[in-house]
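Before any comments, here is the structure.
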Amino acid sequence: MAGLDPVHRDFFAGGAGEERTVRANAAAFDRLRLLPRVLRATGTPDPGLTLLGAALPGPVLIAPTAFHRLAHPDGEVATARAARDTGTVLTVSMAATTPIERIADTGARLWFQLYPQPDRDFTAHLVERAEAAGVTALVVTVDSPVFGRRERDLRNGFLDLPAGLVCENLRDPATGRIRDIVMDPSLGWDDVVRLRTTTRLPILVKGVLHPADAAEAVARGLDGVIVSNHGGRQLDGAVATIDALPAVAAAVRGRIPVLLDGGVRRGADVVTALARGASAVLIGRPVLWGLAAGGRDGVAGVLTELHEDVVRVMALCGAATLADLPPDLVREVRP
Ligand SMILES: Cc1cc2nc3c(=O)[nH]c(=O)nc-3n(C[C@H](O)[C@H](O)[C@H](O)COP(=O)(O)O)c2cc1C
Ligand SMILES: CCCCCCC(=O)C(=O)O
């Protein structure tokens with residue numbers, strides 16, 4: 001990407017270990033094909049949906065990604081303006097480089113992603129701050145008991161943000177200092193459920209791949225699961241998300257929304273994920289590339305093109321609405 005420091009580009013593009021899971025997310029979509037229906041007189045398809053009580057124009061949301069000001073000086077504010085102007089949700093990373101209040105000032109619909117910290121009081125403060133800023137859901141990332149081994153970053157010596165950039169939402173209210181993010185290997189289901197004592201926001205768990213964990217999320221009264229392997233940045237060798245999705249959807253049986261991220265790049269990928277049981281999808285890196293290329297306009301361009309592609313693919317599959325995307329629309333082919 002022109003203008004993007006190669007070290008930062010590697011941070012955005014890279015994954016853990018051999019990057020097998022980064023590649024697997026895309027390769028798994030490549031093994032799936034659509035079996036379209038014809039002569040359904042659909043007219044122009046409507047990809048709108050209601051998710052956690054909110055009407056959205058389409059099923060593509062923005063996944064939480066760290067450090068947007070590495071991609072563009074306007075950082076998360078630019079991303080939020082694009083989300084607002086296209087009507088989608090921006091999931092703000094806990095590792096955002098802009099205070100949540102400034103992001104919320106754009107008027108975008110926001111969710112807030114959280115790594116629960118071992119300091120439970122600080123975690124409660126973070127959640128209260130995000131809720132006060134106006135976010136409408138909490139996304140708890142559960143695939144990171146430890147930090148993945150990101151070999152590009154190790155090779156590049158990328159350990160710290162450049163001078164002037166910090167994780168603005170990690171400011172300690174008592175000292176004014178920025179705290180480090182701690183990946184907590186002692187985190188358990190009880191800790192996630194306990195967040196209910198701090199917030200009335202719906203809680204989604206992000207990073208679920210096993211159907212038994214999805215069933216546990218339902219049993220624990222959580223509000224949604226996001227099938228995710230963190231874009232291949234945590235467990236290298238983890239299953240591709242589109243391969244994990246059908247069993248997760250079967251375990252959840254429609255009781256709470258199932259979302260998916262990882263390798264979604266085209267309208268056909270979105271339609272494939274919805275036919276396999278997702279209510280909606282999220283995209284990570286494409287937003288960062290749009291942001292690096294053109295700030296707000298670059299992100300809006302990525303979101304608009306993908307939205308239009310979803311509508312086109314729905315038309316070509318004979319689907320008038322998202323309810324017209326049954327599992328038998330998707331066929332697996334040999335590699
Ligand atoms: C540069 C980068 C930073 C990320 N930061 C976070 C984060 O702070 N919190 C989180 O839960 N996931 C984070 N993720 C994972 C994304 O939310 C998402 O799961 C992944 O990017 C989806 O895959 P895709 O990039 O192929 O669309 C990050 C991903 C990337 C590429
Ligand atoms: C120690 C900083 C943690 C930032 C985490 C961002 C993230 O999740 C990623 O995948 O990168």
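Would any residue of the stretch 115-149 have its amide N under 12 Å from a label point 7 Å out along Cα→Cβ of ARG194? List them or say none. 116-124, by backbone N distance to the label point.
Placing unit charges on the Cβ atoms of the charged side chains and taking the dipole of the stretch 32-182 about its Cα centre, the candidate lying farthest along the positive direction among ALA71, TYR115, LEU34 is LEU34. Taking the Cα centre of the stretch 43-112 as origin and assigning +1 to Lys and Arg Cβ atoms and -1 to Asp and Glu Cβ atoms, the resulting dipole is close to 60 debye.
Toward the positive end of the charge dipole of the chain, with +1 on the Cβ of Lys and Arg and -1 on the Cβ of Asp and Glu, the farthest Cα among THR98, ILE226, ASN156 is that of ILE226.
Remark: the ASP223-ALA26 segment gains 68.2 nm on full extension, using 0.36 nm per residue and subtracting the alpha carbon distance.
For the chain, the fraction of 1.4 Å probe accessible surface lying on carbon and sulfur atoms is 51 percent.
Note on the stretch 115-156: along the principal axes its Cα atoms extend 40, 20, 17 Å, ordered by decreasing extent. Against the chain, whose longest principal axis comes from its Cα atoms, helix 285-317 is set at around 20 degrees.
Considering the stretch 1-77 at the alpha-carbon level, its Rg and Dmax are found to be 18.5, 50 Å. Per residue, the chain exposes an accessible area of 43 Å² to a 1.4 Å probe, with every protein chain left in place. Take THR321: with every protein chain present and a 1.4 Å probe, its accessible area is about 60 Å².
Dipole check for the chain: with +1 at the C-beta of Lys and Arg, -1 at the C-beta of Asp and Glu, and the Cα centre as origin, the magnitude is about 600 Debye. The angle separating the long axis of helix 75-86 from the principal Cα axis of greatest extent in the chain is about 30 degrees. Computed extension gain for VAL146 through ARG265, at 0.36 nm per residue and net of the alpha carbon distance, reaches 40.1 nm.
Classify the stretch 233-299 as rounded, prolate or oblate, taking a ≥ b ≥ c as the square roots of the eigenvalues of its Cα gyration tensor: rounded when a/c is under 1.5, otherwise prolate if a/b is larger than b/c and oblate if not. The shape class here is prolate. Against the longest alpha carbon principal axis of the chain, how many degrees, from 0 to 90 and to the nearest 10, is the axis of helix 120-133 turned? So the helix axis and the longest Cα principal axis differ by about 60 degrees. The orientation-averaged projected area of the convex hull spanned by the Cα atoms of the stretch 6-324 comes to 15.4 nm².
The values are calculated or read from the model by the stated rules, or taken from the named source; none is laboratory data. Nothing here was measured: the structure is a model prediction, and the numbers come from that model. A quick note on method: Cβ atoms are made from the backbone with ideal geometry, for glycine too, and the neighbour counts reach across all protein chains shown. Surface accessibility is based on the protein's heavy atoms, side chains included, excluding ligands, DNA and RNA. Shrake-Rupley method; radii C 1.70, N 1.55, O 1.52, S 1.80 Å.
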